[in-house]
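Please read the structure below before turning to the comments.
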Amino acid sequence: MSYVDEVLELVKKKNASEPEFLQAVTEVLNSLRPVVEANEELYRKNAILERITEPDRQLMFRVPWVDDKGQVQVNRGFRVQFNNAIGPYKGGLRLHPSVNLGIIKFLGFEQIFKNSLTSLPIGGGKGGSDFDPKGKSDREIMAFCQSFMTELCKYIGADVDVPAGDIGTGAREIGFMFGQYKRIRGMFEGVLTGKGLTYGGSLARTEATGYGLLYLTEELMKCHGESMQGKTVVISGAGNVAIYATQKAQQMGAKVVTCSDSTGWIYDPEGIDVELLKEVKEVKRARLTEYAAARKSAEYHEVSAAERSGAGVWQIKCDIALPCATQNELLLDDAKQLVANGCKCVCEGANMPTTIEATEYLQNNGVWFVGGKAANAGGVATSALEMSQNSERLSWSFEEVDAKLKNIMVNIYHNIDDAAKRYGMEGNYVAGANIAGFEKVVNAMLAQGVC
Ligand code: NDP
Ligand code: 2IT
């Protein structure tokens, strides 16, 4: 049996109850076959694949907090420190009721390769909790964040592990967590990224994931003789990534006609009004029904709890599709519909939004497909730029950070394109990203000995 197949079997046996983690590992290891075959003896002897699929450590802890009625609530907190071969653990904190260990492990595993692709010195980690921020008062959010950080602060630090935002964690939550870290550890240091601008945050971090997604997509289009001008784009999600992807796509002359949240989706043939979307989601923290109520041209589609909320988005005719909500939101039937409608390009703003079957269908039908590891790396790359600014106790202008972000995303596109070509898989950007991300981490692991 090949080394890849042996390790895949082992990982499946050891993590049988974690489907998302197995999905992420299967995708990565399958696409690494040519690299592993070329170095089989060295990697096998050093147990590279066994080591890279086993986190350095997995922290799980109780998070008790008091709600507005005086009732004690208990959530489960997680931090998976996956691999620090090339830098301190780095990755977001997800707050969503669906969070469990397998989901945090899949995200932490993806983060190793993504962070490597940024070319900056950051290792892979991820954390979060099954806490649901929806409908909670600011005081309840603060109570949860303080309790969460009271435990987490023992394991993180500016040179150890630097968490950030993800689903359900934005500037408000990072602020409460930073305050509690500072209070307990007595240190003002860049232990979190995505901080407010008055206390060490970086300009352009809020925009970075969505903007970065569009910088990479634009470069991909350019290299295929196309531009963003006049293109119709469908986007899922209505959060941080979706909002700034929409904004940048519009600045580039494209028309974004959809968005979605956890209870419904919008088709707006005149183009999404991004200022209204920001007001509804960032300020009011409301549902998309409020967007529809304020905008004549918008069609709102309510979705029942049993259905996938963003699925309708993929039915709309488009040139480019950018899934920006959550994992496994674009399935095989959605991929077939996109191809039937003439979609040319799919780039993932979310982490693993496209299933393996849907990805293969898109690739086999000539769609240019770039996975999240490469396409959404602009967020964490700008987090690393925030770490640099914190280290030198300076802050850079918006233009300076944005220019660095653009440069990083354009380089990522060319690196993954080159890596795919080197192994005879031209146009397979999924394999290219996994290979380019993996090579750097493995070289560091080999140099550092058995650890
Ligand atoms: P937000 O919490 O800001 O927004 C998430 C959006 O997706 C919301 O509109 C939310 O709906 C919707 N959504 C979330 N979970 C589900 C679900 N289970 N079913 C249906 N809809 C859902 O998160 P982000 O925009 O930050 O993150 C979106 C994706 O991008 C995630 O996969 C994240 O891991 C990834 N990502 C984020 C980065 C960042 O810098 N923030 C960087 C790289 C990747 P509702 O409005 O109803 O809550
Ligand atoms: O998935 C991701 O890359 C993020 N949520 C951002 C992580 C970070 O550390 O900025």
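The values are calculated or read from the model by the stated rules, or taken from the named source; none is laboratory data. Only a predicted model underlies this, so the values are computations on that prediction, with no experimental measurement involved. Note that each Cβ is placed from the backbone with ideal geometry, even for glycine, and that neighbours are counted across all protein chains shown. SASA here: full protein model, heavy atoms, side chains in, ligands and nucleic acids out. Shrake-Rupley method; radii C 1.70, N 1.55, O 1.52, S 1.80 Å.
Say we look at the range 110-140 and pick out the residues that are open to solvent by 50 Å² or more (accessible area, probe 1.4 Å) and within 12 Å of ligand 1 (Cβ to nearest atom); which of these is farthest from residue 52 (Cα to Cα)?
Once the filter is applied, the top-ranked residue is 135.
Results for (1) within 16 Å of ligand 2 (Cβ to nearest atom); (2) closer than 17 Å to residue 241 by Cβ; (3) part of a helix (DSSP H, G or I), shown as yes or no for each residue.
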{"site": "79", "(1), (2), (3)": "yes, no, no"}
{"site": "87", "(1), (2), (3)": "yes, no, no"}
{"site": "92", "(1), (2), (3)": "yes, yes, no"}
{"site": "114", "(1), (2), (3)": "yes, yes, yes"}
{"site": "135", "(1), (2), (3)": "no, no, no"}
{"site": "150", "(1), (2), (3)": "no, no, yes"}
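When you scan the range 321-330, how many residues do you find that are under 20 Å from residue 298 (Cβ atoms) and outside any loop (DSSP other than H, G, I, E, B)?
Looking only at that region, the number is 2.
Within the range 346-363, count every residue that is within 16 Å of the chain's Cα centre (by Cα) and either under 18 Å from residue 25 (Cα atoms) or open to solvent by 20 Å² or more (accessible area, probe 1.4 Å) (or both). Please lay out each step first, then the result.
So the first thing to find is which residues in the range 346-363 are within 16 Å of the chain's Cα centre (by Cα), and the list is 346-355.
Adding the requirement that they be either under 18 Å from residue 25 (Cα atoms) or open to solvent by 20 Å² or more (accessible area, probe 1.4 Å) (or both) leaves 348, 350-355.
Number of matching residues: 7.
Can you find a residue that is over 30 Å from residue 262 (Cβ atoms), β-branched (Val, Ile, Thr) and open to solvent by 10 Å² or more (accessible area, probe 1.4 Å) anywhere in the range 163-185? Write out each step before concluding.
Quick first cut of the range 163-185, residues over 30 Å from residue 262 (Cβ atoms) only: 182-185.
So of that shortlist, the ones also β-branched (Val, Ile, Thr) come out as 184.
Filter once more, keeping what is open to solvent by 10 Å² or more (accessible area, probe 1.4 Å): 184.
Yes - at least one qualifying residue is present in the range 163-185.
Could you count how many residues in the range 288-340 are touching a strand residue (DSSP E or B) at 6+ places or on another chain (Cβ under 7 Å), within 13 Å of ligand 1 (Cβ to nearest atom) and small (Gly, Ala, Ser)?
Matching residues across the range 288-340 total 4.
Out of 420, 403, I need the residue that is open to solvent by 20 Å² or more (accessible area, probe 1.4 Å), of a type in the set (A, V, I, L, M, F, W, C), in a helix (DSSP H, G or I) and farther than 30 Å from residue 316 by Cα. Which one? Don't jump to the end; show me each part of the working.
Values: 420 fails: open to solvent by 20 Å² or more (accessible area, probe 1.4 Å).
One residue alone meets the criteria, 403.
Find the residue count for the range 46-100, including only residues that are closer than 26 Å to residue 387 by Cβ, of a type in the set (Lys, Arg) and open to solvent by 70 Å² or more (accessible area, probe 1.4 Å).
Of the residues in that region, 1 qualify.
Any idea which of (1) within 25 Å of residue 202 (Cα to Cα); (2) crowded, with 19+ Cβ neighbours inside 10 Å; (3) within 16 Å of ligand 2 (Cβ to nearest atom) is the one residue 145 doesn't satisfy?
In the conditions (1) within 25 Å of residue 202 (Cα to Cα); (2) crowded, with 19+ Cβ neighbours inside 10 Å; (3) within 16 Å of ligand 2 (Cβ to nearest atom), residue 145 misses (3) alone.
Condition first: within 16 Å of ligand 2 (Cβ to nearest atom), in a loop (DSSP other than H, G, I, E, B) and of a type outside the set (Gly, Ala, Ser). Now tell me which residues in the range 337-363 satisfy that. Even if it seems obvious, please write down each step before you answer.
At the first step, the residues of the range 337-363 found to be within 16 Å of ligand 2 (Cβ to nearest atom) are 347-354.
Within this subset, residues satisfying the condition of being in a loop (DSSP other than H, G, I, E, B) are 348-353.
Hits for the range 337-363 are 348, 351, 352, 353.
Checking the structure you have, find out if any residue of the range 175-183 is within 16 Å of ligand 1 (Cβ to nearest atom), of a type in the set (Lys, Arg) and outside any loop (DSSP other than H, G, I, E, B).
No, there is no match, as no residue in the range 175-183 is within 16 Å of ligand 1 (Cβ to nearest atom), of a type in the set (Lys, Arg) and outside any loop (DSSP other than H, G, I, E, B).
So that you can scan it fast, the table gives a plain yes or no per residue for (1) within 11 Å of ligand 2 (Cβ to nearest atom); (2) touching a strand residue (DSSP E or B) at 6+ places or on another chain (Cβ under 9 Å); (3) open to solvent by less than 50 Å² (accessible area, probe 1.4 Å); (4) on the phi < 0 side of the Ramachandran plot:
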{"site": "365", "(1), (2), (3), (4)": "no, no, no, yes"}
{"site": "376", "(1), (2), (3), (4)": "yes, yes, yes, yes"}
{"site": "385", "(1), (2), (3), (4)": "yes, no, yes, yes"}
{"site": "393", "(1), (2), (3), (4)": "no, no, no, no"}
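Just to be sure I understand, how many residues within the range 157-176 are under 12 Å from residue 141 (Cβ atoms) and touching a strand residue (DSSP E or B) at 6+ places or on another chain (Cβ under 8 Å)?
Qualifying residue count, the range 157-176: 4.
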